[in-house]
Each structure stands twice: as structure tokens, then as C-alpha cells.
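The values are calculated or read from the model by the stated rules, or taken from the named source; none is laboratory data. Note that this is a predicted model, so its numbers are computed, not measured. In this analysis, Cβ positions are derived from the backbone assuming ideal geometry, glycine residues included, and neighbour counts consider all displayed protein chains.
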């Protein structure tokens with residue numbers, strides 16, 4: 001994937017317009033019409049703009065993904081994630097918590113840990129307006145950006161948490177994966 005971190009917002013929007021205008025049917029369309037036609041491309045571009053400062057510090061930070069099933073939303077589940085987070089946590093190191101912002105389960109625990117330890121954050125909420133595959137797009141981004149992954153999957157090991165675990169192991173292997 002190209003590194004857009006050094007481009008200005010205007011450069012990125014100009015590039016987006018030019019890429020989308022290659023389709024002859026799109027010539028003369030407004031940015032709004034293009035983003036409606038190509039929501040995935042725009043969504044990725046938006047993420048590049050939104051998280052540019054974090055991307056620039058990629059090599060000097062620890063990115064800790066915290067995910068989990070909405071069915072694992074109890075205090076015991078939080079305690080398991082918290083314990084594993086403290087194994088990775090170093091106050092002197094720049095920590096970035098990566099998660100999907102679901103209001104239940106592991107994503108909720110990620111926001112609690114972010115608030116408690118005042119880390120930096122990299123949120124990837126599902127952009128459901130792009131379609132049913134939005135959750136899988138979000139899972140890929142979380143897996144791609146996390147150096148460590150703390151997961152509380154459902155007992156049946158089905159769903160988005162399992163998808164993220166599979167993608168994470170494909171990107172990074174099993175060494176920095178913790179399943180509670």
C-alpha cells in the first residue's frame with residue numbers, strides 16, 4: 001500500500017478526483033457524486049487523511065489491537081484483557097490502541113483502557129453505509145495496523161473477532177497474538 005502520510009489533504013483529494021475520473025462515465029462528476037460511486041476508495045482515502053500523524057510515527061510506536069465478541073462483555077472479560085494489556089504496556093513507550101469502536105465487548109474495553117492509560121488511539125469503526133462488507137474491511141484494518149492483538153472471541157469462535165484473528169495471523173504470525 002502506498003504511503004500517503006506526506007501528502008496534504010488537498011493533494012490527496014486532487015489525487016482521488018483524478019483516479020476516479022479515469023472512468024469515462026465519471027468525467028464531470030462532483031466529489032460528492034464520486035464518493036457515492038466509489039465509497040471504498042473514498043473511505044480508505046479518508047482514513048489516510050484522518051490518521052496521518054499516527055502513520056508517520058509507525059516505527060516508533062507499539063500498536064495494540066484490542067478486540068472481542070459482543071457476547072463477552074462481562075467484568076471478568078475486561079479483567080482478562082486488562083491483565084494482557086499490562087503485559088505489553090510500557091509507560092515510556094508510545095502505545096497506540098487499535099480497535100473498532102463497537103459499544104460492547106473488546107472494543108468497549110479498548111476505549112476504557114485508552115481513557116485509563118491515556119494512550120493514543122487508532123479507531124476503525126465499521127462504515128456500514130458502504131455495505132454489508134464494512135465489518136470485514138474494518139477487521140482487515142485492525143489486523144493490518146496492530147503489532148499485538150488481544151482478543152476475547154466468542155465460545156463458538158465465529159464472527160468478526162475470529163475474522164480479525166485470522167487476518168492478524170496472516171499479516172503478523174502467532175507470536176504477538178493473545179487469545180483470552
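Laid out as a table, the results:
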read-out: Matching entry among 88, 95 (being in contact with a helix residue (DSSP H, G or I) (Cβ under 8 Å, 6 or more places away or on another chain) and farther than 17 Å from residue 163 by Cα); value: 95
read-out: Selected residue [surrounded by fewer than 20 Cβ atoms within 10 Å (Cβ to Cβ) and modelled with pLDDT of 90 or more] from 111, 152; value: 111
read-out: Identity of the residue in the range 121-138, touching a residue at least 60 places away in the same chain (Cβ under 8 Å) and buried (at least 17 other Cβ atoms within 10 Å of the Cβ), that ends up farthest from residue 93 (Cα to Cα); value: 127
